[in-house]
Amino acid sequence: MLKKIAGVSVSAVMMAGLLAACGGNNDNNNAASSGAASASAGSSASASAGTSDKPVTINMFTASPEYTDAFNAYIAEYKKVKPNVTINLEIMQADYNTVLKSRIASGNTPDVFQTTAGGDIDTFAEYSADLTSEPLAAAMTDAVRNNMTSSDGKVLGLPVKGNLFTLIYNKKLFEEAGITEVPKTTAQLDDAIAKLEAKGITPFANAYKEWWTWKHVFQHFVDAAALDAGTDAKSLVADFIAGKTTFKDHPVLADNFFKFVDTTIAHGTDKPLERDSNAEVSDFAAGKAAIMTGKGAWDEEAIEKITPDIQIGIMGYPVSDKPEQAVIITGADQALRINKDSKVARETIDFFNWLYTSDYGKSWFSNVAKVIPPIKDAPLPDLQMPKAMDEILKTEKSGDLSVNYSLDTFHQKFGEIMQAYVGKSKTKDQAITEIQQAWTQLGSAQ
(Lines give C-alpha, C1' and ligand atoms only; values in the text may rest on other atoms or scores of the structure.)
Protein backbone atom coordinates (compact mmCIF):
# COMPACT_ATOMS: atom_id res chain seq x y z
CA MET A 1 0.00 0.00 0.00
CA LEU A 2 2.33 2.58 -1.25
CA LYS A 3 0.94 6.06 -1.00
CA LYS A 4 2.92 8.46 -3.18
CA ILE A 5 3.51 11.33 -0.82
CA ALA A 6 6.62 13.32 -0.09
CA GLY A 7 9.29 11.56 1.91
CA VAL A 8 9.86 12.62 5.51
CA SER A 9 12.69 11.96 7.91
CA VAL A 10 11.99 11.66 11.62
CA SER A 11 14.58 11.22 14.35
CA ALA A 12 13.75 8.93 17.21
CA VAL A 13 15.66 11.16 19.65
CA MET A 14 12.37 12.40 21.03
CA MET A 15 11.44 15.86 22.24
CA ALA A 16 8.82 16.14 24.95
CA GLY A 17 5.98 16.93 22.61
CA LEU A 18 6.60 14.20 20.06
CA LEU A 19 3.98 11.73 21.23
CA ALA A 20 1.33 14.43 21.02
CA ALA A 21 1.37 13.73 17.30
CA CYS A 22 -0.26 10.39 18.10
CA GLY A 23 -3.52 12.17 18.91
CA GLY A 24 -6.12 9.81 20.31
CA ASN A 25 -3.51 7.08 20.73
CA ASN A 26 -1.86 8.79 23.69
CA ASP A 27 -4.10 7.24 26.32
CA ASN A 28 -3.51 3.75 24.96
CA ASN A 29 0.21 4.32 24.76
CA ASN A 30 0.48 5.74 28.27
CA ALA A 31 -1.69 2.99 29.71
CA ALA A 32 0.57 0.41 28.16
CA SER A 33 3.68 2.16 29.48
CA SER A 34 3.16 1.15 33.08
CA GLY A 35 2.99 -2.51 32.09
CA ALA A 36 5.73 -2.35 29.52
CA ALA A 37 8.57 -2.05 32.00
CA SER A 38 7.53 -5.17 33.90
CA ALA A 39 6.71 -6.99 30.68
CA SER A 40 10.09 -6.10 29.26
CA ALA A 41 11.85 -7.87 32.10
CA GLY A 42 10.46 -11.18 30.89
CA SER A 43 9.49 -10.89 27.25
CA SER A 44 12.58 -8.88 26.37
CA ALA A 45 14.90 -11.17 28.27
CA SER A 46 16.65 -11.82 25.01
CA ALA A 47 17.20 -8.08 24.69
CA SER A 48 19.76 -8.25 27.47
CA ALA A 49 21.32 -11.55 26.46
CA GLY A 50 24.66 -11.06 24.80
CA THR A 51 24.35 -7.25 24.72
CA SER A 52 25.72 -4.49 26.91
CA ASP A 53 24.55 -1.08 27.99
CA LYS A 54 26.93 0.76 25.68
CA PRO A 55 25.28 3.39 23.44
CA VAL A 56 23.72 1.86 20.35
CA THR A 57 22.20 3.59 17.33
CA ILE A 58 19.87 1.70 14.98
CA ASN A 59 19.04 3.28 11.62
CA MET A 60 15.58 2.30 10.36
CA PHE A 61 14.50 3.12 6.78
CA THR A 62 10.85 2.48 5.88
CA ALA A 63 8.21 3.29 3.27
CA SER A 64 5.14 3.55 5.50
CA PRO A 65 4.50 7.22 6.30
CA GLU A 66 1.01 6.43 7.54
CA TYR A 67 2.61 4.77 10.59
CA THR A 68 5.06 7.54 11.47
CA ASP A 69 3.34 8.35 14.77
CA ALA A 70 2.89 4.69 15.66
CA PHE A 71 6.54 3.85 14.92
CA ASN A 72 7.69 6.79 17.01
CA ALA A 73 5.48 5.58 19.85
CA TYR A 74 7.14 2.16 20.07
CA ILE A 75 10.58 3.72 19.67
CA ALA A 76 9.89 6.00 22.63
CA GLU A 77 8.57 3.09 24.70
CA TYR A 78 11.67 0.99 23.98
CA LYS A 79 13.81 3.89 25.18
CA LYS A 80 12.36 3.21 28.63
CA VAL A 81 13.33 -0.45 28.35
CA LYS A 82 16.79 0.11 26.86
CA PRO A 83 17.87 3.73 27.48
CA ASN A 84 21.16 3.12 25.69
CA VAL A 85 19.42 2.35 22.37
CA THR A 86 18.60 5.21 20.01
CA ILE A 87 16.55 4.41 16.90
CA ASN A 88 16.71 6.87 14.03
CA LEU A 89 13.59 6.54 11.87
CA GLU A 90 13.72 7.71 8.28
CA ILE A 91 10.59 7.42 6.16
CA MET A 92 10.54 7.99 2.41
CA GLN A 93 7.68 7.19 0.07
CA ALA A 94 8.55 8.71 -3.30
CA ASP A 95 11.40 6.74 -4.94
CA TYR A 96 11.84 4.55 -1.85
CA ASN A 97 12.76 1.43 -3.82
CA THR A 98 15.28 3.31 -5.96
CA VAL A 99 16.94 4.90 -2.93
CA LEU A 100 17.03 1.60 -1.02
CA LYS A 101 18.69 -0.24 -3.90
CA SER A 102 21.19 2.60 -4.30
CA ARG A 103 22.13 2.43 -0.63
CA ILE A 104 22.52 -1.34 -0.74
CA ALA A 105 24.67 -1.10 -3.87
CA SER A 106 26.92 1.49 -2.23
CA GLY A 107 27.37 -0.60 0.90
CA ASN A 108 25.22 1.66 3.06
CA THR A 109 22.43 -0.82 3.80
CA PRO A 110 20.27 0.46 6.68
CA ASP A 111 20.10 -1.60 9.85
CA VAL A 112 16.36 -2.01 9.20
CA PHE A 113 14.70 -1.57 5.82
CA GLN A 114 11.32 -2.33 4.29
CA THR A 115 10.37 -4.44 1.27
CA THR A 116 7.28 -6.18 0.05
CA ALA A 117 6.75 -9.73 1.30
CA GLY A 118 6.37 -12.93 -0.69
CA GLY A 119 8.65 -13.03 -3.71
CA ASP A 120 10.74 -10.11 -2.53
CA ILE A 121 11.72 -12.11 0.55
CA ASP A 122 14.07 -13.99 -1.78
CA THR A 123 15.10 -10.84 -3.67
CA PHE A 124 16.74 -9.35 -0.57
CA ALA A 125 17.70 -12.63 1.09
CA GLU A 126 21.45 -12.05 0.93
CA TYR A 127 21.08 -8.84 2.95
CA SER A 128 18.63 -10.17 5.55
CA ALA A 129 19.27 -11.69 8.96
CA ASP A 130 17.87 -15.17 9.56
CA LEU A 131 15.13 -14.80 12.17
CA THR A 132 13.83 -18.35 12.08
CA SER A 133 14.82 -19.23 15.65
CA GLU A 134 13.92 -15.89 17.20
CA PRO A 135 10.92 -15.40 19.54
CA LEU A 136 9.43 -12.91 17.10
CA ALA A 137 9.13 -15.62 14.43
CA ALA A 138 7.30 -17.91 16.83
CA ALA A 139 4.94 -15.06 17.69
CA MET A 140 3.72 -14.58 14.11
CA THR A 141 0.49 -16.14 12.93
CA ASP A 142 1.08 -19.08 10.60
CA ALA A 143 -0.23 -17.28 7.52
CA VAL A 144 1.90 -14.22 8.16
CA ARG A 145 5.01 -16.28 8.89
CA ASN A 146 4.58 -17.98 5.51
CA ASN A 147 4.61 -14.55 3.87
CA MET A 148 7.95 -13.80 5.59
CA THR A 149 9.66 -17.08 4.67
CA SER A 150 12.17 -17.58 1.87
CA SER A 151 12.05 -20.39 -0.66
CA ASP A 152 14.59 -22.32 1.44
CA GLY A 153 12.45 -22.08 4.56
CA LYS A 154 14.12 -19.22 6.48
CA VAL A 155 12.16 -16.43 8.14
CA LEU A 156 13.85 -13.34 6.73
CA GLY A 157 11.21 -10.68 7.29
CA LEU A 158 9.09 -9.06 9.98
CA PRO A 159 5.49 -8.16 9.16
CA VAL A 160 4.71 -4.46 9.40
CA LYS A 161 1.10 -5.49 10.02
CA GLY A 162 -1.57 -7.94 9.05
CA ASN A 163 -3.70 -6.68 6.19
CA LEU A 164 -7.12 -6.81 4.59
CA PHE A 165 -7.83 -6.27 0.88
CA THR A 166 -11.44 -5.71 -0.09
CA LEU A 167 -14.00 -3.50 -1.72
CA ILE A 168 -15.09 -0.90 0.83
CA TYR A 169 -18.65 0.39 0.72
CA ASN A 170 -20.76 3.07 2.38
CA LYS A 171 -23.58 1.29 4.20
CA LYS A 172 -25.81 4.36 4.29
CA LEU A 173 -25.56 4.92 0.52
CA PHE A 174 -26.31 1.25 -0.12
CA GLU A 175 -29.36 1.52 2.12
CA GLU A 176 -30.54 4.67 0.34
CA ALA A 177 -30.29 2.83 -2.97
CA GLY A 178 -32.27 -0.14 -1.67
CA ILE A 179 -29.33 -2.58 -1.79
CA THR A 180 -30.10 -5.07 0.96
CA GLU A 181 -27.36 -7.61 0.23
CA VAL A 182 -23.84 -6.96 -0.97
CA PRO A 183 -23.30 -8.11 -4.57
CA LYS A 184 -21.29 -11.28 -5.02
CA THR A 185 -21.66 -11.88 -8.76
CA THR A 186 -21.11 -9.66 -11.77
CA ALA A 187 -24.86 -9.59 -12.45
CA GLN A 188 -25.57 -8.54 -8.87
CA LEU A 189 -22.92 -5.82 -9.16
CA ASP A 190 -24.58 -4.48 -12.31
CA ASP A 191 -27.89 -4.39 -10.44
CA ALA A 192 -26.33 -2.53 -7.50
CA ILE A 193 -24.78 0.01 -9.87
CA ALA A 194 -28.16 0.67 -11.49
CA LYS A 195 -29.81 1.15 -8.08
CA LEU A 196 -27.11 3.57 -6.92
CA GLU A 197 -27.26 5.67 -10.06
CA ALA A 198 -31.06 5.76 -9.92
CA LYS A 199 -30.61 7.63 -6.63
CA GLY A 200 -27.97 9.94 -8.10
CA ILE A 201 -25.11 8.18 -6.30
CA THR A 202 -21.79 7.59 -8.08
CA PRO A 203 -20.90 3.92 -7.57
CA PHE A 204 -17.08 3.93 -7.60
CA ALA A 205 -14.20 5.93 -6.16
CA ASN A 206 -10.88 4.91 -7.71
CA ALA A 207 -7.21 5.76 -7.22
CA TYR A 208 -5.95 4.71 -10.62
CA LYS A 209 -3.19 7.33 -10.60
CA GLU A 210 -1.40 4.99 -8.16
CA TRP A 211 0.35 2.00 -9.73
CA TRP A 212 -0.01 -0.05 -6.55
CA THR A 213 -3.81 0.02 -6.37
CA TRP A 214 -3.93 -2.01 -9.58
CA LYS A 215 -2.29 -5.05 -8.01
CA HIS A 216 -4.82 -5.02 -5.18
CA VAL A 217 -7.68 -5.20 -7.67
CA PHE A 218 -6.03 -7.74 -9.96
CA GLN A 219 -5.18 -10.29 -7.27
CA HIS A 220 -8.88 -11.02 -6.69
CA PHE A 221 -9.21 -12.06 -10.32
CA VAL A 222 -5.99 -14.10 -10.15
CA ASP A 223 -7.43 -16.05 -7.23
CA ALA A 224 -10.60 -16.75 -9.22
CA ALA A 225 -8.60 -17.81 -12.27
CA ALA A 226 -6.67 -20.28 -10.12
CA LEU A 227 -9.88 -21.77 -8.75
CA ASP A 228 -11.31 -22.13 -12.26
CA ALA A 229 -8.10 -23.86 -13.38
CA GLY A 230 -8.20 -26.30 -10.47
CA THR A 231 -4.95 -25.03 -9.01
CA ASP A 232 -3.76 -22.50 -6.41
CA ALA A 233 -2.76 -18.88 -6.98
CA LYS A 234 0.92 -19.49 -6.25
CA SER A 235 1.14 -22.20 -8.90
CA LEU A 236 -0.81 -20.13 -11.42
CA VAL A 237 1.44 -17.10 -10.96
CA ALA A 238 4.49 -19.35 -11.29
CA ASP A 239 3.10 -20.62 -14.60
CA PHE A 240 2.63 -17.06 -15.86
CA ILE A 241 6.18 -16.18 -14.85
CA ALA A 242 7.47 -19.30 -16.62
CA GLY A 243 5.40 -18.51 -19.72
CA LYS A 244 3.43 -21.75 -19.38
CA THR A 245 0.01 -20.10 -19.49
CA THR A 246 -1.59 -16.99 -20.96
CA PHE A 247 -4.62 -14.79 -20.36
CA LYS A 248 -6.53 -16.58 -23.13
CA ASP A 249 -6.50 -19.70 -20.94
CA HIS A 250 -8.29 -17.78 -18.18
CA PRO A 251 -11.44 -15.85 -19.17
CA VAL A 252 -11.73 -14.30 -15.71
CA LEU A 253 -8.46 -12.47 -16.48
CA ALA A 254 -8.85 -11.88 -20.20
CA ASP A 255 -12.47 -10.73 -19.96
CA ASN A 256 -13.85 -10.25 -16.46
CA PHE A 257 -10.95 -8.22 -15.10
CA PHE A 258 -11.03 -5.73 -17.96
CA LYS A 259 -14.83 -5.53 -17.81
CA PHE A 260 -14.58 -4.70 -14.12
CA VAL A 261 -12.04 -1.95 -14.79
CA ASP A 262 -14.20 -0.54 -17.59
CA THR A 263 -17.22 -0.63 -15.28
CA THR A 264 -15.49 1.24 -12.45
CA ILE A 265 -14.43 3.95 -14.88
CA ALA A 266 -17.79 4.27 -16.65
CA HIS A 267 -19.57 4.44 -13.30
CA GLY A 268 -16.87 6.16 -11.25
CA THR A 269 -15.56 9.55 -10.29
CA ASP A 270 -14.22 11.82 -13.03
CA LYS A 271 -10.64 11.84 -14.36
CA PRO A 272 -9.62 8.43 -12.98
CA LEU A 273 -5.93 8.82 -13.84
CA GLU A 274 -5.78 12.02 -11.81
CA ARG A 275 -7.23 10.52 -8.62
CA ASP A 276 -4.56 9.38 -6.18
CA SER A 277 -5.01 7.53 -2.90
CA ASN A 278 -5.78 10.61 -0.84
CA ALA A 279 -8.30 11.84 -3.41
CA GLU A 280 -10.06 8.47 -3.41
CA VAL A 281 -10.31 8.48 0.39
CA SER A 282 -11.68 12.02 0.29
CA ASP A 283 -14.23 11.16 -2.42
CA PHE A 284 -15.47 8.14 -0.49
CA ALA A 285 -15.50 9.76 2.93
CA ALA A 286 -17.42 12.77 1.60
CA GLY A 287 -20.11 10.51 0.14
CA LYS A 288 -19.21 11.32 -3.46
CA ALA A 289 -19.02 7.59 -4.25
CA ALA A 290 -20.37 4.43 -2.65
CA ILE A 291 -17.54 1.93 -3.22
CA MET A 292 -13.74 2.19 -2.97
CA THR A 293 -11.59 -0.01 -5.22
CA GLY A 294 -8.00 -1.15 -4.82
CA LYS A 295 -7.72 -0.47 -1.12
CA GLY A 296 -8.02 -2.07 2.31
CA ALA A 297 -8.17 -1.74 6.08
CA TRP A 298 -5.33 0.79 6.28
CA ASP A 299 -7.62 3.58 5.04
CA GLU A 300 -10.25 3.40 7.77
CA GLU A 301 -8.77 5.99 10.12
CA ALA A 302 -8.24 8.46 7.28
CA ILE A 303 -11.85 7.99 6.18
CA GLU A 304 -13.18 8.49 9.70
CA LYS A 305 -11.11 11.61 10.24
CA ILE A 306 -13.10 13.20 7.42
CA THR A 307 -16.48 11.69 8.35
CA PRO A 308 -16.36 10.32 11.91
CA ASP A 309 -19.84 8.77 11.84
CA ILE A 310 -19.53 7.03 8.47
CA GLN A 311 -20.75 3.42 8.41
CA ILE A 312 -18.28 1.27 6.50
CA GLY A 313 -18.80 -2.21 5.09
CA ILE A 314 -16.47 -4.59 3.28
CA MET A 315 -17.11 -7.13 0.55
CA GLY A 316 -15.25 -9.35 -1.87
CA TYR A 317 -14.89 -8.38 -5.50
CA PRO A 318 -17.68 -9.81 -7.68
CA VAL A 319 -15.27 -11.36 -10.19
CA SER A 320 -17.58 -13.84 -11.95
CA ASP A 321 -21.01 -15.46 -11.87
CA LYS A 322 -19.84 -17.63 -8.95
CA PRO A 323 -20.73 -15.98 -5.63
CA GLU A 324 -18.23 -18.12 -3.73
CA GLN A 325 -15.40 -16.38 -5.61
CA ALA A 326 -16.28 -12.97 -4.12
CA VAL A 327 -14.00 -13.16 -1.08
CA ILE A 328 -11.93 -10.77 0.99
CA ILE A 329 -8.17 -11.29 1.09
CA THR A 330 -6.04 -11.23 4.24
CA GLY A 331 -2.34 -11.65 4.99
CA ALA A 332 0.88 -9.62 5.22
CA ASP A 333 2.28 -7.90 2.15
CA GLN A 334 4.94 -5.63 3.71
CA ALA A 335 8.08 -6.77 5.52
CA LEU A 336 10.80 -5.17 7.58
CA ARG A 337 14.25 -6.67 7.08
CA ILE A 338 17.21 -6.62 9.46
CA ASN A 339 20.57 -6.12 7.75
CA LYS A 340 22.53 -9.29 8.55
CA ASP A 341 25.83 -7.40 8.24
CA SER A 342 24.79 -4.56 10.53
CA LYS A 343 27.14 -3.85 13.43
CA VAL A 344 24.04 -3.66 15.62
CA ALA A 345 22.17 -6.64 14.16
CA ARG A 346 21.84 -8.35 17.55
CA GLU A 347 20.52 -5.23 19.25
CA THR A 348 18.09 -4.70 16.38
CA ILE A 349 16.76 -8.25 16.62
CA ASP A 350 16.40 -7.81 20.38
CA PHE A 351 14.28 -4.71 19.78
CA PHE A 352 11.85 -6.53 17.52
CA ASN A 353 11.75 -9.56 19.82
CA TRP A 354 10.54 -7.13 22.50
CA LEU A 355 7.94 -5.57 20.19
CA TYR A 356 6.49 -8.90 19.04
CA THR A 357 6.36 -10.60 22.45
CA SER A 358 5.88 -7.96 25.18
CA ASP A 359 2.52 -6.87 26.54
CA TYR A 360 3.17 -3.41 25.15
CA GLY A 361 3.93 -4.82 21.71
CA LYS A 362 0.75 -6.87 21.63
CA SER A 363 -1.27 -3.78 22.49
CA TRP A 364 0.71 -1.56 20.11
CA PHE A 365 -0.66 -3.18 16.95
CA SER A 366 -4.31 -2.76 17.92
CA ASN A 367 -4.31 0.32 20.17
CA VAL A 368 -1.52 2.51 18.79
CA ALA A 369 -0.96 1.53 15.14
CA LYS A 370 -4.60 0.37 14.92
CA VAL A 371 -3.76 -2.36 12.44
CA ILE A 372 -4.65 -6.03 12.19
CA PRO A 373 -2.06 -7.74 14.41
CA PRO A 374 0.29 -10.11 12.55
CA ILE A 375 1.03 -11.94 15.80
CA LYS A 376 -0.85 -14.45 17.92
CA ASP A 377 -2.78 -13.56 21.07
CA ALA A 378 -3.23 -9.88 20.20
CA PRO A 379 -6.62 -8.15 20.08
CA LEU A 380 -8.14 -6.66 16.95
CA PRO A 381 -8.27 -2.86 16.79
CA ASP A 382 -11.56 -1.18 17.61
CA LEU A 383 -12.33 -0.40 13.97
CA GLN A 384 -15.18 -1.31 11.63
CA MET A 385 -13.28 -3.14 8.90
CA PRO A 386 -11.25 -5.52 11.09
CA LYS A 387 -14.41 -6.37 13.03
CA ALA A 388 -16.30 -7.05 9.81
CA MET A 389 -13.38 -9.18 8.60
CA ASP A 390 -13.51 -11.22 11.79
CA GLU A 391 -17.22 -11.89 11.29
CA ILE A 392 -16.85 -12.80 7.61
CA LEU A 393 -14.01 -15.23 8.30
CA LYS A 394 -16.20 -17.14 10.75
CA THR A 395 -18.18 -18.50 7.80
CA GLU A 396 -16.05 -17.82 4.70
CA LYS A 397 -12.47 -18.49 3.71
CA SER A 398 -10.02 -15.70 2.97
CA GLY A 399 -8.69 -15.42 -0.56
CA ASP A 400 -5.01 -15.95 -1.29
CA LEU A 401 -2.71 -12.92 -1.07
CA SER A 402 -1.48 -13.57 -4.60
CA VAL A 403 0.36 -10.25 -4.93
CA ASN A 404 3.05 -11.91 -2.82
CA TYR A 405 3.91 -14.37 -5.59
CA SER A 406 5.26 -11.70 -7.95
CA LEU A 407 7.79 -8.95 -7.35
CA ASP A 408 6.89 -5.30 -7.09
CA THR A 409 9.01 -4.66 -10.18
CA PHE A 410 6.29 -6.54 -12.05
CA HIS A 411 3.44 -4.94 -10.16
CA GLN A 412 4.69 -1.44 -10.92
CA LYS A 413 5.00 -2.24 -14.61
CA PHE A 414 1.54 -3.85 -14.50
CA GLY A 415 0.09 -0.69 -13.01
CA GLU A 416 1.71 1.47 -15.67
CA ILE A 417 0.32 -0.77 -18.42
CA MET A 418 -3.16 -0.56 -16.98
CA GLN A 419 -2.89 3.21 -16.70
CA ALA A 420 -2.05 3.28 -20.40
CA TYR A 421 -5.08 1.09 -21.07
CA VAL A 422 -7.34 3.46 -19.15
CA GLY A 423 -5.78 6.39 -21.00
CA LYS A 424 -6.55 4.60 -24.29
CA SER A 425 -2.94 4.60 -25.47
CA LYS A 426 -3.02 0.78 -25.34
CA THR A 427 -5.74 -1.59 -26.45
CA LYS A 428 -6.82 -4.50 -24.28
CA ASP A 429 -4.88 -6.94 -26.48
CA GLN A 430 -1.75 -4.77 -26.27
CA ALA A 431 -2.11 -4.50 -22.51
CA ILE A 432 -2.47 -8.27 -22.13
CA THR A 433 0.58 -8.94 -24.31
CA GLU A 434 2.71 -6.49 -22.33
CA ILE A 435 1.48 -7.80 -18.97
CA GLN A 436 2.45 -11.34 -19.96
CA GLN A 437 5.87 -10.15 -21.11
CA ALA A 438 6.38 -8.22 -17.88
CA TRP A 439 5.45 -11.28 -15.83
CA THR A 440 8.14 -13.41 -17.46
CA GLN A 441 10.75 -10.64 -17.35
CA LEU A 442 10.07 -9.05 -13.94
CA GLY A 443 7.88 -11.42 -11.96
CA SER A 444 10.54 -13.49 -10.22
CA ALA A 445 13.75 -12.93 -8.31
CA GLN A 446 15.37 -15.84 -10.13
Among what's in the range 433-446 and is among the β-branched types (Val, Ile, Thr) and touching a residue at least 24 places away in the same chain (Cβ under 8 Å), pick the residue that is most open to solvent (accessible area, probe 1.4 Å).
THR440
Given the residues GLY200, GLY157, which is the only one that is farther than 25 Å from VAL252 by Cβ, modelled with pLDDT of 95 or more and within 16 Å of the chain's Cα centre (by Cα)?
GLY157
Among the residues of the range 210-241, how many are touching a residue at least 24 places away in the same chain (Cβ under 8 Å), among the charged types (D, E, K, R), in a helix (DSSP H, G or I) and open to solvent by 40 Å² or more (accessible area, probe 1.4 Å)?
2
Screening PRO374, PRO386, PRO381 for residues that are open to solvent by less than 20 Å² (accessible area, probe 1.4 Å), out of contact with any strand residue (DSSP E or B) (no Cβ under 6 Å at 6 or more places or on another chain) and within 28 Å of ASP223 (Cα to Cα) leaves only PRO381
If you go through the range 277-300, how many residues are modelled with pLDDT under 95 and surrounded by fewer than 18 Cβ atoms within 10 Å (Cβ to Cβ)?
1
Taking the range 105-117, which residues are out of contact with any Lys or Arg (no Cβ under 9 Å at 6 or more places or on another chain) and either hydroxyl-bearing (Ser, Thr, Tyr) or open to solvent by 10 Å² or more (accessible area, probe 1.4 Å) (or both)?
ALA105, SER106, GLY107, ASN108, THR116
In the range 168-195, residues that are part of a strand (DSSP E or B) and in contact with a Phe, Trp or Tyr (Cβ under 8 Å, 6 or more places away or on another chain) total 2
Checklist (1) surrounded by fewer than 21 Cβ atoms within 10 Å (Cβ to Cβ); (2) in contact with a helix residue (DSSP H, G or I) (Cβ under 7 Å, 6 or more places away or on another chain); (3) within 25 Å of GLY361 (Cβ to Cβ) applied to VAL85, failing item
(1)
What pairs come out if I take residues in the range 336-347 that are of a type in the set (Ser, Thr, Tyr) and pair them with residues that are assigned to a helix (DSSP H, G or I) and crowded, with 17+ Cβ neighbours inside 10 Å whose C-beta lies under 9 Å away, six or more apart or interchain?
SER342/THR348
Scan the range 103-117 for residues that are assigned to a helix (DSSP H, G or I) and touching a residue at least 12 places away in the same chain (Cβ under 8 Å) and jot them down.
ARG103, ILE104
Which number in (1) open to solvent by less than 10 Å² (accessible area, probe 1.4 Å); (2) under 22 Å from the mean Cα position of the chain (by Cα) marks the one condition that LEU253 misses?
(2)
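Can you list the helices (runs of 4 or more DSSP H) lying wholly within the range 118-167 that have 1 or more residues being open to solvent by less than 50 Å² (accessible area, probe 1.4 Å) and touching an Asp or Glu at 6+ places or on another chain (Cβ under 6 Å)?
none
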Could you say whether any residue in the range 343-360 is within 17 Å of the chain's Cα centre (by Cα), open to solvent by less than 10 Å² (accessible area, probe 1.4 Å) and of a type in the set (A, V, I, L, M)?
no
Which of the residues spanning the range 391-432 are in a helix (DSSP H, G or I), open to solvent by 70 Å² or more (accessible area, probe 1.4 Å) and without any contact (Cβ under 8 Å) to a residue 24 or more places away in the chain?
GLU391, ASP429, GLN430
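So how many residues does the range 354-371 have that are in a helix (DSSP H, G or I) and touching a residue at least 40 places away in the same chain (Cβ under 8 Å)?
Going through the range 354-371 one residue at a time, the tally reaches 12.
The values are calculated or read from the model by the stated rules, or taken from the named source; none is laboratory data. Only a predicted model underlies this, so the values are computations on that prediction, with no experimental measurement involved. Note that each Cβ is placed from the backbone with ideal geometry, even for glycine, and that neighbours are counted across all protein chains shown. Heavy atoms of the whole protein, side chains included, go into the accessibility calculation; ligands, DNA and RNA do not. Shrake-Rupley method; radii C 1.70, N 1.55, O 1.52, S 1.80 Å.
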